[in-house]
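For reference, the structure discussed in these notes is given below.
Here, each number is a calculation from the coordinates, and none is a lab measurement. Model, not experiment: these values are computed from the prediction. Cβ coordinates were reconstructed from backbone atoms using ideal geometry, including for glycine residues, and neighbour counts include every protein chain displayed.
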Amino acid sequence: MSVNYDLRVIPVTPFQQNAMVFWSTETMNGVLIDPGGESEKLLGAIDDLGVNIKEIWLTHGHIDHAGGAAECREQLQCKIIGPHADDQFWLDQLEENAQTYGIAGARNFTPDTYLNEGDTVKLDELEFQIFHCPGHSPGSVVLYCKELSFAFVGDVLFQGSIGRTDLQGGDHQQLLNSITTKLWPLGKQISFMPGHGPGSVFEKERQSNGLVADSITMYAD
Ligand SMILES: [Zn+2]
Ligand SMILES: [Zn+2]
């Protein structure tokens, strides 16, 4: 990713969600992104890596992304930043959803800070810009780092696919709009890590993603 930063992906929950530790190899300060569950495993990995977690960043409020956040906040003594306030209704039903999906230890919570379009979050001096990208969930955000040409996109976009829109508050057309009007303008050579599966590059998705390739979306509406 860069000589100065590193990323460790730790799949958690039955959904194999990409919980991530992202850190500076210079300062060893880092952030924990989308701790969906299996907090013990995440805290153990953070310990092994020797990373000093400064904040927890959430892309959206679904159980597989946020289920372990309250526990990790308590253990790591740090703040939860994000998602957008429109996903608070998901954060209010984490315990209920955890029972449904067999995810242990989830707790409902309120983030320390909600994220809005145009906000920035920082790891040391490295800045990420926030884009509110509803459609998969109403409060989904994408965190984009210009310096690294890299984005954490949650379940907005996947390699070869996009987020599901059949859950509460989902909207397919809104998701397509979020991707084509907020992500594509950032440039083609942007690498991204989604909430599930492998990472990819915007350009590849614009060429071959069956749902949001330029050949399809350019002629829509
Ligand atoms: Zn989701
Ligand atoms: Zn997910």
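Before moving on, here are some points about what is shown:
- Of the helices (runs of 4 or more DSSP H) contained entirely in segment 30-149, those carrying at least 1 residues that are farther than 20 Å from ASP6 by Cα and within 16 Å of ligand 1 (Cβ to nearest atom) fall at 63-66, 69-76, 88-91, 94-101.
- In segment 39-67, the residues that are touching a residue at least 40 places away in the same chain (Cβ under 8 Å) and more than 21 Å from LEU123 (Cα to Cα): SER39, GLY61, HIS62, ILE63, ASP64, GLY67
- Count of residues meeting criterion [closer than 16 Å to HIS84 by Cβ, away from ligand 2 (no atom under 14 Å from the Cβ) and hydroxyl-bearing (Ser, Thr, Tyr)] in segment 135-169: 1
- Within segment 1-18, tally of residues that are outside any loop (DSSP other than H, G, I, E, B) and more than 20 Å from ILE190 (Cα to Cα): 4
- Just one of the numbered conditions (1) of a type outside the set (A, V, I, L, M); (2) closer than 18 Å to CYS145 by Cα; (3) under 15 Å from the mean Cα position of the chain (by Cα) is not true of ASN4: (3).
- Positions within segment 193-221 being of a type in the set (Phe, Trp, Tyr) and either part of a strand (DSSP E or B) or surrounded by fewer than 19 Cβ atoms within 10 Å (Cβ to Cβ) (or both), in sequence order: TYR219
- Among the residues making up segment 174-192, those that are in contact with a Gly (Cβ under 7 Å, 6 or more places away or on another chain) and crowded, with 22+ Cβ neighbours inside 10 Å are LEU175, SER178, PHE192.
- Flag if GLY163 is over 26 Å from SER24 (Cβ atoms), within 15 Å of ligand 1 (Cβ to nearest atom) and either in contact with a Phe, Trp or Tyr (Cβ under 8 Å, 6 or more places away or on another chain) or of a type in the set (Val, Ile, Thr) (or both): no
- The test for being touching a Phe, Trp or Tyr at 6+ places or on another chain (Cβ under 8 Å), within 22 Å of VAL153 (Cβ to Cβ) and surrounded by 22 or more Cβ atoms within 10 Å (Cβ to Cβ) does not hold for GLY67.
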